[in-house]
Each structure stands twice: as C-alpha cells, then as structure tokens.
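For reference, the structure is listed below as structure tokens.
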Amino acid sequence: MYGTGDLVRLQRDGGLVHVGRIDQQVKVRGNRIELTEVVTSLESLPYVEVAAVLPIDEGPSLALVGFVKYVDNLPIDSDAVLARLRDELPAAAVPHRLVALDSLPMTINQKVDTKALRAMYARLTHREDAPADPGTEAAQSDDDVTDRIVAAYRQVLRRADVEPTTDFVTAGGDSISAVSLVAHLRADGIYLSPHDILSRRTPSRLSLLARAAQDDDPATHRGRITLPPVAQWYASQVDGTVGFTHSVALGLPTGLTIRDVEAALHHLAATHPILSARLASESPVVLQVGEPGPLPLTRGLPVGPPDAKPSACLENPLDPAAGALWRTHLVHDDQERPQVLWIQVHHYVVDGVSWRILLGDLDRLLGPNPAVRTGKGGPTGVSFRRWSSLLWQSLDSEPRDRIAARWARLMPAGEDAQGGPRSRVATLRTSWWDAAASAPVVATDATTAEHLLLAAFATALAQRGLPDARDTLLIRLEGHGRDSLPGDLDVARTVGWFTVEHPVAIPVRSPTGVPASALEILDRTRDALAALPSRRATYGLLRWGPDGDPTLATEPRVAFNFLGRLDHADAEHVTLVQDVRPDREAHAPALHNVALTAAVIVTPEGSQVRLDWEWDTSVVSSSEIDCLEVSFATALANLAGTPTTASTGPLRSWRGDIAGALTELGLDLD
C-alpha cells in the first residue's frame, strides 16, 4: 500500500472529496516538492535565523518564494544564497526568489503564520488585485500594453515563444537585459523600472504597473559632474588619462550621404550631452557638461580592409585635459559615399551598457528614415549628472564605520596595500570558444554563469600560483552599477560611466596548502559573494570619496568582469565591422597583473563565449597566460559537468558555532 499524503473527506455516498494534504508537498513544474526540506536547507545556513517557503501562483505553474530573517538583519546577497541552495536542492525546489524581512509573522504557537505571510507578500509586491489564475490575470491586464511588452520581451530575449505569462528570468533575462528591456519599452512610450521587471517578471503583471516615461529637464544634464568612484580609482592608478578610450566601427547602409551621417551624429550629441563634456578637474575627476560644440568628425578614403583603423583614431590619443572626449571618422569611397563610421569615446563618459545605448541610437539614426535625424535629441531619462550626485549623497545615510569595518574584514590577512600610478602598458589577448566549449555557460542563467566563470578563474590562478601562492585570493569584481541607488531612477537610456568595482576574497587552498578543487572553490566563491554588503557601491564611495578610508587601501592584483550576454544580432541597418574594443595601442596601462573579461556573444549563427585576457608582461609572461587559459578551461569543464544536488558530490556547507561561521563570512553580530 502507498500513502499519497492527500487529505480527503468521505461522503455518505462513498465518494471522496479532496481537502488538501497532511504534509507540505506541492507540485512545481511536474515535480513534487516537500516545502519543509527547502525551509530546512535555508535555516541550516548560519546567517539565516528563521525561514519559510510559500507556493505562489504566478502563471502556468507555482513559484516558490522564500522568506528569511537574517541574523541581526544582516544585508546578505539573496542571489548568492539562492546559488548555495542550487548545490543542495533539486532545481525545481530552489525558490524563484528570496524576500528578506525584519521579522516573520508568527502564530500564538510560535509557528510561521503562512496566511499573514501570504498577505504581507501581496502588499510588498502590490498583488492585492493580482488574479488567482493565468486566465484571470490576462483578462485584468491592459491587452494593448501587454502585447507591446510581449513584443519587447521577444526582441530583447530573442525568443519567439514569449506569451503574457512568460517569466523574464526563467526565459533567460538578467539584470543587464532588464536595463535593455526598459530602454526598448521606453522607446514605445512605456516606463517600467528594472526592479519592476525582475520582481513582477511576466508581461501581463507588468502591464498593471506600466506608466508614462518621464525625462529630466535638459538643464539638469549640464553643469559639473564629480565622476563616480570607479573613475576616481582609475585616475589614481595612472599617470594621466590620455588614451583611455574605446573604439567601434560600423558598416553603413547604402544610400546615405555625408550630410546624413553628420545629422545623425548631431542628433546623438544632442540626445546625450555628456559626450560634449570637458575635463574640469583631475583630482578629483570632475567633468563640465555644456552645450554641444563643433562635431568631432573627420573623413577620408579607406586605408586598407574595412576593419583597418584609420590614423585619425591612432595618432594623438584623446586627451581629456586638452579637449573633446569623443571623436568620429567617416570612411567613404572616391564618390564620397559613406562606407564605415569609426567612433572613439573616452571611458570617462561611457561604459558597456552606454555603448549598447549609443549603438542602438546610431542604428536607428543611420537607417533609411530621414525624419529620425531631425529634432534636438531623444529621451534620456535621469541625467548622469543627477545620478552621480545622488550616488555620492547616498553614503550620508549609511553607518560608514560599520560598513567600512565589514569591507575591511573581507580583505585577507597579509595583503600588502598597493596603489599609485602604474605606467606599464597592458598586453591583451582575445579567445573565442566554439559552440561546444561555450555550451555550459550559454545554457545557464547569468548569475550561475558568472559564478562558474569566476570560480574557474580562481581555480586556475590557484593552480598556477598567480599572482602568488596565497591561501586567499583577492579579486577585483566589476558590475554595471545601474542598480547602485535605491528607488525608481530611470537610467536605462542614460549614458555615463556607472561601473561599480569592489574586491572579493576567495579561499583557494586546502588546510594542507595545496590548491582546493574547482568544486570546493565554486562553493567558497558563492559563500564569499553572499558575504558581501548588499550595496556594493559603498566600497568605492568609502575608498575613493573625499575622506578616503585607509583601511581599504589594499588593491587586488587580479580582476574579473562578466559582461553577460551581448547581442550582436540586434541591429537592423548598420553592421558591426569592429566590436567595441579598448584602444590598447593608445597607451592603456596595466592596472592588474592579470585581468579576465568574459562575455557571451549572441550572433545570428549562435552564441559563443569571448574571453579577453589582459596582463602586465613585467610580472606575468605570455607562456604563463597560455597555461592559465588551459587550467581555466579545464576547471570550467569540470564544474559544468558536476551534478548540482547534494547527494552527488562532496559539497561543503557551513557548520559549527554561528558566531564563528559569521566571522568566517566576514560578518558580525554587533
């Protein structure tokens, strides 16, 4: 006999009426999940005081939502906690999201009050009017707005199977693609914040939140801008900022004239005033944004193949102290028909997401419709000047000493403080992986991909003894930074250098001193990321602010950056002759002994992993980088082939005294 766990009521006629279950099992995507097991996994983490898990109806299947009260309400990174659970639970049992609460509602018997918790979640997510089933959800949403959001999903996610109930995250979306989705919707007159998209997730629910887009007054874009911490850090590392530029080359459609290209560039400069900025101060780095000046355009005949960079972008590197922060060069034939447009921009005014914005604008402006090239500029949302000002002000509301102490505890003992200008020139190598090698990264969500790549990088460094044979590796991480401020600031169309950088310390050796396995380092990587303060921008604000904190003076010798998925199949009119690349021939300094930048490049032919290795040849040789690449690929292959359930491998978990575990995490109970 098999006990199903179902609770039924026997009727007089002998029939059975299903009432519920005597346990806490639910069915998620065809899998029976015991909720108590998920709760037990959460509460086994030393920084979780109490937890609960509820099934929430969010479309075609239930979604598990976890609720946690962290010890002393510590600011733990929920994404990193979920990554830990993926090592211990079947995929269907991992909560779709975690909600951190100051306290969980309890019954008089000191059990979690699930009814009150469900009502609390409804208030937190504005679900009071949310329907109970997908059919009702679709009926209550605005059909026209829903259809437009579905169309934007399909374009950004490059999926034709998107429906009103498609979940953005499970369909492959991440925080960067959420910014891209906001920009697409904005062009259609709909405003949703990245937070809206990552919390509500389906087009039908998002249609209930959609509102009209709003832009800052053009005057707010102009004036002095104290650049964010990342620019202050860079300026401290180099002798001057000449040549810190990126270039891109666009193949132009036929039928354009030189006047069309000039009109497009004038419109671009009017839309994004920061392109016309000038350097007002070098320490701290301050820009002055005024009215657009003369168009920085030169032109000439080809000097070789289409991707041959013209001398205009090679000679006399851009110098912020001497003039413009961007310039362009148009290659045309002997009949003055435009062929290729080169654009070079100083890093002070762009980052990776900014380039996507600029390239999207240029694709539209250089298309066949001349009407788009008229006018004084397009919508841009919140100005970079206002955003940067709010970022610096945000530290005033933080307990500085406590946050600084937490960051300082994350620094491994024995690290030497480094810093000061570095004049050595970096060496750059780009590697492309084929479809088979790229598959383990391409097939995962962005968070898992980043963890796998970072752990493989740390494993390879430990095996090769780079930068040296220390027990704990200090790595500089970069993020897009557009989520650095709380609230509902619309920066999806804002151009500027938003990047956030901070260190993470990963133990890479076993107690016997030999390098740990890739699997062990993956587990430690996730723990280290979970231990970071929730507002990672606070590191740069404290380290590079006016009162720079000397306790944070240690500079990592290695760096890692995962750019996510970059879609090269999105342009309709222009072609990418050369992707956005740093101008290494323009005197870029070696900021680290070794740095790795990884990205998944999406093309019409498929997706591939691109790896940019950068190193200081006075410290690391080319042959050492060769060996490092092999170790990295081997570690990633081992991790990608590792089952993720707890029963299949020697996964490490935190045990012992909670205070000791929290100390190991770099946190305290003060």
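The values are calculated or read from the model by the stated rules, or taken from the named source; none is laboratory data. Predicted model only: the values in this text are computed from it and were never measured. As a convention, Cβ positions derive from the backbone with ideal geometry for all residues, glycine included, and neighbour counts pool all protein chains shown. These accessible areas exclude ligands, DNA and RNA; they are computed on the full protein's heavy atoms, side chains included. Shrake-Rupley method; radii C 1.70, N 1.55, O 1.52, S 1.80 Å.
Summed over the residues of region 280-404 and divided among them, the accessible surface reaches 45 Å² per residue at a probe radius of 1.4 Å. Within region 158-208, the trypsin sites (Lys or Arg not before Pro) that combine a DSSP coil assignment with at most 13 other C-beta atoms in a 10 angstrom radius are 159. With one equal scatterer per alpha carbon and no solvent term, the Debye-computed log10 I(q)/I(0) for region 246-343 at 0.10, 0.11, 0.21 1/Å reads -0.30, -0.36, -1.10.
Available extension along the chain between residue 627 and residue 154 is 166.2 nm, counting 0.36 nm per residue and deducting the alpha carbon span.
Note on residue 547 and residue 25: their simple-model spin labels are 6.0 nm apart, each label 7 Å out from Cα toward Cβ. In this structure, the amide hydrogen of residue 473, modeled 1.01 Å from its nitrogen in the peptide plane, lies closer than 5 angstrom to those of 506, 508, counting only residues at least 5 positions away or on a different chain.
FRET efficiency for the pair residue 638 and residue 92, taken as 1/(1 + (r/R0)^6) with r the Cβ-Cβ distance and R0 = 25 Å, rounds to 0.50. Gain on full extension, evaluated as 0.36 nm per residue between residue 311 and residue 439 minus their Cα-Cα distance, stands at 42.2 nm.
Could you tell me which of rounded, prolate or oblate describes region 449-570, using a ≥ b ≥ c as the square roots of the eigenvalues of the alpha-carbon gyration tensor, with rounded for a/c under 1.5 and, failing that, prolate when a/b is larger than b/c and oblate otherwise? Judged from the Cα gyration tensor, region 449-570 comes out oblate (a/c at least 1.5, b/c at or above a/b).
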